[in-house]
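Here is the structure we will look at, set down as C-alpha cells.
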Amino acid sequence: MYGAGNRYVRVAPSVLLLLSREPSKNNMSEENLNPVEQTKLESHYLQGTIPAELKDENPFFSKESTHLLKHHGTYQQDHRDLRKEARAMGRDKYYSFMVRTRIPGGKLTSRQLLAELDLCDELGDTTLRVTSRQGLQLHGILKDRLQPVIERINSVQLTTLGACGDLQRNVMCCPAPHRNDPVHQEMQNLTDALTEHLAPRTKSYHQIWLTHPENGEKELVGGGPDEVIEPIYGKTYLPRKFKTAVGLPDDNCVDMYTNDLAFMAICVGGRVEGYNVLVGGGMGVTPTAVKTFPALAKKLAFVTPDQAVAVAEAVVCVQRDFGNREDRKVARLKYLIHNWGLDAFRAKVEEYYGRALTPPTAADVTGFDDHIGWREQGDGLLYYGLNIENGRIVDNEKMKLKSALRRICREFPSEIRLTSHQSILFTDIVPDRRLELETILRDAGVPLSEDISTVRRWSMACVAWPTCGLAITESERALPGIIDQLEVELAKLALDRDEFTVRMTGCPNACARPYNSDIGLVGKTLGKYTVYLGGRRLGDRLNFVYKDLVAADDIVPTLRPVLAFFKSQREPNETLGDFCFRQGQEKLAEFSEKFR
Ligand code: SF4
C-alpha cells in the first residue's frame with residue numbers, strides 16, 4: 001500500500017465541514033497573479049511539465065517545475081561550495097535535491113527510520129536530517145534518483161506530499177509518548193485529522209512518483225472526478241506555506257506561537273475540553289522588504305474538539321480566498337491579519353464556519369519541555385530523548401551517530417518520535433535495557449543527552465550552506481563552534497546550568513525560529529549576523545535587535561558583556577531572555593560599552 005497522505009477524507013459525522021465551498025474569486029484576478037500563482041494555475045493540479053522533465057537529460061528542472069516540486073516535497077538545490085569547481089569543469093552547477101518527509105506529530109516507526117537511513121546511504125549524500133518541524137530531510141539526491149527515493153518513502157507508508165509548498169505542511173504535535181494519558185492521545189488524533197482533512201488530493205503526486213510494484217503501472221490511491229480534485233485548495237492552492245501545530249499550555253514544545261494556526265489544548269480533569277485557537281504566527285522576513293516582519297500568533301477563539309477541524313478549514317479557506325496572491329513576500333496569513341485586524345479576520349472566519357466563535361480562554365503557555373533524557377512514559381516503560389545536534393544524522397570521525405541509530409532501530413524496534421528541536425525519542429524501552437541502549441551510543445562516540453551542555457541542548461540551527469539556495473551565511477556548520485565558545489564563557493560565569501535557547505539561521509527566512517528565542521543569530525550579509533535578544537524559551541515573545549552586522553568571530557565577544565551583566569544584576573530565577581527584555585537594548589549596549 002502506498003502513500004499515507006493523499007486519501008479522501010474520513011471525518012466524524014459530528015464534524016461540520018465546508019468541502020462544498022468553492023474558492024472565492026475575491027483574490028483570483030488572473031492578470032494580477034504573481035508568477036508562482038500563474039504556474040500553479042496552469043499546472044493542472046501540480047503536474048505541469050514535471051513528468052516530461054523527469055525524462056530529459058538535464059540534471060535540473062525548469063523554474064516553473066521547481067515551484068511545483070516543492071508541493072511534492074522536494075527542493076532543487078546545488079552544492080554552493082562547489083560552484084567555482086563546477087564552472088571550472090564547464091558545468092553550470094552541481095544540482096541535487098532535498099527530499100522532505102511529512103511526519104505528523106513526528107511519529108514514525110523504527111522500520112520507517114531505517115528506511116530513510118538506507119535511502120540517505122544508497123541514494124543521498126549519506127546524511128539524514130531531523131527538521132525543526134518534526135520531519136526528515138534527505139539531501140544530495142540527484143535528479144534521476146528522485147523517483148525511486150519518493151517511491152521508497154511511500155513504500156514504508158510515509159509521504160513527501162505537502163511537506164513543502166503552498167499548502168498545509170507537516171502538522172506538529174507534542175511528541176511525548178505518554179501512553180496512558182488521554183490528553184496526548186487526543187492531541188495526536190487531532191493532528192492526524194487535520195493532516196488528513198487538509199491534505200492535497202491531486203492525483204499528480206501518485207501519477208508522477210509511484211509505480212505499481214508488480215505491473216509497473218502508476219498507482220492511483222487518491223483523487224477523484226475533476227470537480228472535486230481539490231475541494232479545499234482549488235487550482236492555486238494557498239498563497240503561501242501554511243504551518244499548523246497542536247500543543248499544551250504547560251508544554252509549548254511545538255512553538256505554537258510561530259505557526260499560522262495552532263491549537264492549544266485546554267484540559268480539565270485529564271481530558272481535552274477544547275482548544276484555544278491561535279492564528280497568524282510566522283517567522284520569515286524578506287531582508288529587502290521592510291513591509292515584512294516576524295509575528296507571533298494571536299488568540300482567535302476557543303473551540304471544542306469536534307469543532308476544531310471545521311474551524312481549521314474555515315481559517316485555511318479565508319487565507320485561500322483573501323491572502324495576497326500578487327506579492328509572495330506578504331502572502332502569509334500574518335499579513336492578512338495585520339491588514340484586516342483580528343476582529344475583522346474573526347468575523348470572516350465565522351462567516352466561513354457558519355456560526356459565531358467562542359472567545360478564547362485566558363490560559364497561556366507556562367512551560368516548554370524538550371523531552372530529552374530518560375523519562376517514564378506511564379505504562380512502566382521508558383522513553384529516551386536523544387539530542388541530535390542541529391538534527392544532522394551522520395557518521396564522521398568524531399562519532400558514528402548514524403550507525404548507532406541503525407543499531408537502536410534494530411535492537412529496540414518500536415515507535416520513534418521526532419521533536420521540534422530536531423531530536424529523537426526512542427520509546428517503549430524496558431527499564432532493564434537502559435544500560436544496553438546507552439552502551440550502543442557510548443560505543444559509537446555519541447554523547448548522551450545528559451553529558452552535553454545545557455546551552456548545546458537548547459540550541460538549534462537551520463541547514464544554510466552549502467545546500468540551501470537562500471542562505472546568506474553559515475548556520476548548521478557555524479553554530480557548533482559558537483556553542484563551544486559559549487560553553488567556556490558560561491562556565492566562567494557559573495551560568496552553565498541556565499536554560500535558554502540559542503537559534504541560528506543563515507538568512508532572515510528563519511527556518512529555525514530565531515525571532516522568539518533568548519539569543520537569535522540571523523545571517524544578514526556575507527559572514528555577518530544580526531544578534532537578537534529578549535525572546536524566551538516559552539516562545540510567546542519576540543526578541544529585539546541587539547546588534548546588527550556582527551561578524552561570526554565577534555558573536556561570542558558581543559554576548560560576553562551581556563552574560564556578565566545578566567550574572568551580576570539578574571533577579572532571583574530570572575531567565576536570560578527575561579533579563580534582556582527587562583533591560584532593553586539601550587541598557588544592554590550601555591553596560592557592554594562600559595564592560596569593554
Ligand atoms: Fe535556508 Fe534561510 Fe531557511 Fe536557513 S533560514 S534553511 S538559510 S531559507
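Values quoted throughout were computed directly from the atomic coordinates according to the rules given, and no laboratory measurement underlies them. Bear in mind that the values here come from a model prediction, so they are computed numbers and not experimental data. Because the Cβ atoms are built from the backbone with ideal geometry, glycine has one as well, and the counts that use them run over all protein chains shown.
Numbers at a glance
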item: CD proxy at 222 nm, helix term only [per DSSP H run n ≥ 4: -39500 (n - 2.57); per residue of the chain; nearest 500]; result: -9000 deg cm²/dmol
item: Computed E for Lys594/Gln147 - FRET, C-beta separation, R0 41 angstrom, nearest 0.05; result: 0.10
item: Kirkwood-Stokes translational diffusion coefficient of the range 122-217, alpha-carbon pairs, 4 °C, 1.567 mPa s, µm²/s; result: 84
item: Efficiency of FRET between Lys84 and Lys291 - r from beta-carbon atoms, R0 41 angstrom, step 0.05; result: 0.70
item: Extension gain (nm, one decimal) between Asp364 and Glu326, 0.36 nm per residue minus Cα-Cα; result: 10.1 nm
item: Cα-Cα over 20 Å, subset of Lys70/Lys348; Lys107/Lys299; Lys70/Lys241; Lys70/Lys235; Lys84/Lys329; Lys243/Lys547; result: Lys70/Lys348; Lys107/Lys299; Lys84/Lys329; Lys243/Lys547
item: Residue order, fewest to most surrounding Cβ atoms within 10 angstrom, among Thr358, Thr505, Thr39; result: Thr358, Thr39, Thr505
item: Derived scalar couplings ³J(HN,Hα) [the range 279-285; Karplus, 6.51 cos²θ - 1.76 cosθ + 1.60; whole Hz; x for Gly, Pro]; result: 9, x, x, x, 8, x, 9
item: Estimated inter-spin distance, Asp428 and Glu574, nm [label 7 Å along Cα→Cβ]; result: 4.8
item: Neighbour-count order for Ile429, Ile555, fewest beta carbons within 10 angstrom listed first; result: Ile429, Ile555
item: Orphan Cys of the chain, criterion: no other Cys C-beta under 4.7 Å; result: Cys120, Cys164, Cys173, Cys174, Cys253, Cys267, Cys317, Cys409, Cys468, Cys507, Cys580
item: Full-stretch length increase - Leu342, Leu549 - with 0.36 nm per residue and alpha-carbon distance subtracted; result: 71.1 nm
item: Packing-based exposure ordering (other Cβ within 10 Å, fewest first) of Asp443, Asp166, Asp251; result: Asp443, Asp251, Asp166
item: Within the range 458-595: Cβ-based charge dipole about Cα centre, in debye rounded to nearest 20 (Lys, Arg +1; Asp, Glu -1); result: 180
item: For the chain, share of DSSP beta bridges that run antiparallel, in % to the nearest 5; result: 80
item: Contour minus Cα-Cα distance for Trp374 and Arg442 (0.36 nm per residue); result: 23.0 nm
item: Under DSSP loop assignment and at most 11 Cβ neighbours within 10 Å, longest GluC sites (Glu not before Pro)-free interval of the chain; result: 398-596
item: Surface/4 of the Cα convex hull for the range 458-595, nm²; result: 7.4
item: Relative contact order (%) - the range 458-595, alpha-carbon pairs under 8 angstrom, separation at least six; result: 20
item: The chain - Debye-derived log10 I(q)/I(0), Cα point model, q = 0.10 Å⁻¹; result: -0.87
item: Charge dipole of the chain about the Cα centre (unit charges at C-beta), most positive-ward option of Gln583, Ala491, His178; result: Gln583
item: The chain - charge dipole about Cα centre, Lys and Arg +1 at Cβ, Asp and Glu -1, debye rounded to 20; result: 980
item: FRET efficiency estimate (nearest 0.05) - Cβ-Cβ, Gln585 to Leu54, R0 51 angstrom; result: 0.50
item: Given charges at Cβ of Lys, Arg, Asp, Glu: the range 458-595 dipole, positive-most of Asn543, Ser568, Ala478; result: Asn543
